[in-house]
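The values are calculated or read from the model by the stated rules, or taken from the named source; none is laboratory data. Small disclaimer: the values here were computed from a predicted structure and weren't measured. Cβ atoms come from the backbone with ideal geometry, glycine included; neighbour counts cover every protein chain shown.
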């Protein structure tokens, strides 16, 4: 099984945890851990990301440098910053709200590179 296939398997397990009521903070930690475990799947991707809530203070950031994973500090610039209320971000992860609809209806906001977001979206 390839790294990409194993990553998709783990991401699907995270979606099941989301459906079972896991918190956003827990889910984001699990997603980041999965990304860290399968760097090979991200070969060729060099972008940095931050996902943060506008109401509860949750913030997770990481970078990929040709697939190599690293955490990013709170005050460091990122290529794509995604923000929204915890409820709306959780709805996207639970697949109750389509990511594109969430962006179009301003339920979540993107600051930065759409290309970076699209590249990451291939794995979620």
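Being in contact (Cβ under 8 Å) with a residue 12 or more places away in the chain, in contact with a helix residue (DSSP H, G or I) (Cβ under 7 Å, 6 or more places away or on another chain), closer than 19 Å to residue 10 by Cα and part of a helix (DSSP H, G or I): is that true of residue 102 here?
Answer is no for this residue.
Please work out which one of (1) touching a helix residue (DSSP H, G or I) at 6+ places or on another chain (Cβ under 9 Å); (2) within 30 Å of residue 1 (Cβ to Cβ) is the condition residue 12 fails and give its number.
Evaluating residue 12 over (1) touching a helix residue (DSSP H, G or I) at 6+ places or on another chain (Cβ under 9 Å); (2) within 30 Å of residue 1 (Cβ to Cβ) leaves (1) as the failure.
Got a number for residues in region 29-38 being in contact with a helix residue (DSSP H, G or I) (Cβ under 8 Å, 6 or more places away or on another chain) and part of a helix (DSSP H, G or I)?
Number satisfying all stated conditions: 5.
Output yes when any residue across region 20-32 is farther than 18 Å from residue 116 by Cβ, buried (at least 17 other Cβ atoms within 10 Å of the Cβ), in contact (Cβ under 8 Å) with a residue 24 or more places away in the chain and over 13 Å from the mean Cα position of the chain (by Cα), and no when none is.
no
Do we have any residue at all in region 36-43 that's within 15 Å of the chain's Cα centre (by Cα) and loosely packed, with under 14 Cβ neighbours inside 10 Å?
Yes: region 36-43 contains one or more residues that are within 15 Å of the chain's Cα centre (by Cα) and loosely packed, with under 14 Cβ neighbours inside 10 Å.
Residues in region 105-124 that are in a loop (DSSP other than H, G, I, E, B) and modelled with pLDDT under 95: how many?
3
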